[in-house]
1. Every residue in the stretch 270-282 that is surrounded by 14 or more Cβ atoms within 10 Å (Cβ to Cβ) and either β-branched (V, I, T) or touching a Leu at 6+ places or on another chain (Cβ under 6 Å) (or both), please.
2. Need pairs with beta-carbon distance below 8 Å; first residue farther than 23 Å from E239 by Cα and within the stretch 201-225, second surrounded by 15 or more Cβ atoms within 10 Å (Cβ to Cβ) and of a type in the set (K, R); sequence gap 6+ or separate chains.
3. Specify the residue that is nearest to L341 (Cα to Cα); the eligible residues are those in the stretch 273-327 that are of a type in the set (K, R) and part of a helix (DSSP H, G or I).
4. Scanning for something aliphatic (A, V, I, L, M) and either at pLDDT 90 or above or open to solvent by less than 30 Å² (accessible area, probe 1.4 Å) (or both), does the stretch 232-240 turn up at least one residue?
5. When you scan the stretch 144-194 for helices (runs of 4 or more DSSP H) that lie fully inside it, which ones turn up with 1 or more residues that are within 10 Å of V128 (Cβ to Cβ)?
6. Have a look at L325, L381, L338 and point out the one that is under 37 Å from the mean Cα position of the chain (by Cα) and in the same structural domain as P299 (by the TED database).
7. Considering only residues that are farther than 27 Å from K410 by Cβ and open to solvent by 50 Å² or more (accessible area, probe 1.4 Å), which ones fall in the stretch 329-363?
8. Would you point out which residue out of V390, V401, V377 is without any contact (Cβ under 8 Å) to a residue 40 or more places away in the chain, aliphatic (A, V, I, L, M) and open to solvent by less than 40 Å² (accessible area, probe 1.4 Å)?
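The values are calculated or read from the model by the stated rules, or taken from the named source; none is laboratory data. This is a predicted model, so every value here is computed, not measured. Every residue, glycine among them, receives a Cβ derived from its backbone with ideal geometry; neighbour counts consider all protein chains shown. For the accessible areas, the whole protein counts, side chains as well, though only heavy atoms, and no ligand, DNA or RNA atoms are used. Shrake-Rupley method; radii C 1.70, N 1.55, O 1.52, S 1.80 Å.
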Amino acid sequence: LKESKRAVNSLRDIVDDDDDDLERVSWSGEPVGSISWSIKETASSSTSSLEGRDSSLQKGSSSYAAFPKQVSSYSLSSLFKGRNKLPSFQSLSDALSDTGVKNYAPELRRPKAEYKDYSSDWSPKDTVRRMQRGKVCSLERFRSLQHKLVLLDEAVAGHDGNVITAVLIFLKRTLRREILFRELEVRQVALCHLIHFLKETGEQKLLLDLLRFLDRTEEVALSQYREHLNIQDVEKRREFLKGCIGLPFSAEDTSHIQDHFTLLERQIIIEANDRHLETAGQSEIFRKYPRKASILNMPLVTTLFYSCFYHYTEAEGTFSSPTNLKKTFKIPDKQYVLTALAARAKLRAWDDVDALFTTKNWLGYTKKKAPIGFHRVVEILQRNNAPVQVLQEYVRLVEDVETRLNLATKYKCHDVVIETYRDLKDRIQLTAYKCKVERGSAEEEKINSILSN
């Protein structure tokens, strides 16, 4: 009755081309749009055929006995297409309203066998297949635990993550937690899907209950530790991290949690002190290079760079000293040198850069040594627009001859190229390189002097 009411009130919906689930047929049983239907529609324009059709309708259904006589003047096409074939007659809705009796046109469907998708008697396997094809179906008919578990097993066997997740959401909503956890414990694929889903949706309480049930203590601790990301207040985050130190982490993770807490404490102290200095204008470096962001909640390497930039000359006893940070957090030499070099080169403090690589042996002799390789040093200096004199000094220290020549040629360190070709006694390359320097320059005179020796 509801569908018939919709057919009369919304006649245009009946001929919607997108509705592929229903096949529309005429009163005679012929599919609408077929050749036979077109022929009969053409013939239906005669008055006699209209009257005959009206009489057949009256015989077929007693509910149409209340129709007025003029209803027989309407063709079937006017009913299905939502318009009158003969403009001189009143509309179908007017004819129905004049009778005083509510009548509805029936909507003819396909046989049940042809629209099985509308049936609710699907097996778990059929349901999974429909879900894989993107069909809409309800899982509420699976009421018993056995049927629900069969449905889950079929979803896992189908290897479709979306279907597995959809079934797990249904089970999470309809099963008690203890039963759900117990059954998922022996179904590892579904268990992994549920854990990932809970992490993505942020259902922290259910996730922790599941991990505790599975006795995964380290994962429980890590899940609790991740909660610090949602804490914006720095003091509350510090207290939270302090409470996380006692959680059952592995030995390696415990040291990381401790370092995180210590680093945040240092950052709070450094931030408060530097903000005061910057506001008061007591420090020249803060006046010349104002801070662009807060140091709070920054990674360790960023904190080290900040310390090398603003507090490089401070004594080791202060919290903001780079050497103090290196010692406290056991920063490797390579990482420390890379960070300190980038910070001091940005400030163009070439004396500090030189001191960074200068070492003394037990006899008092000085020597330059770089744990990261001097070719890396040259690249960092060049990115910070170091002058040619400084670049040449470090290009000379590159041990590999080919690498040294490539760097010297790339960054136009002419003296290094000339000296290298001289040491190699390569007269041909030296003569060729003479064409690349300016005429009358000191480099050209140096090449001529070497060639004439």
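1. Scanning the stretch 270-282 gives I270, E271.
2. What qualifies is L206/K172.
3. K326
4. Yes: the stretch 232-240 contains one or more residues that are aliphatic (A, V, I, L, M) and either at pLDDT 90 or above or open to solvent by less than 30 Å² (accessible area, probe 1.4 Å) (or both).
5. It comes to 145-157, 161-174.
6. Result: L325 is the single residue among L325, L381, L338 that is under 37 Å from the mean Cα position of the chain (by Cα) and in the same structural domain as P299 (by the TED database).
7. Selection gives K330, P332, D333, T359, K360, N361, W362, L363.
8. Exactly one residue qualifies, and that residue is V377.
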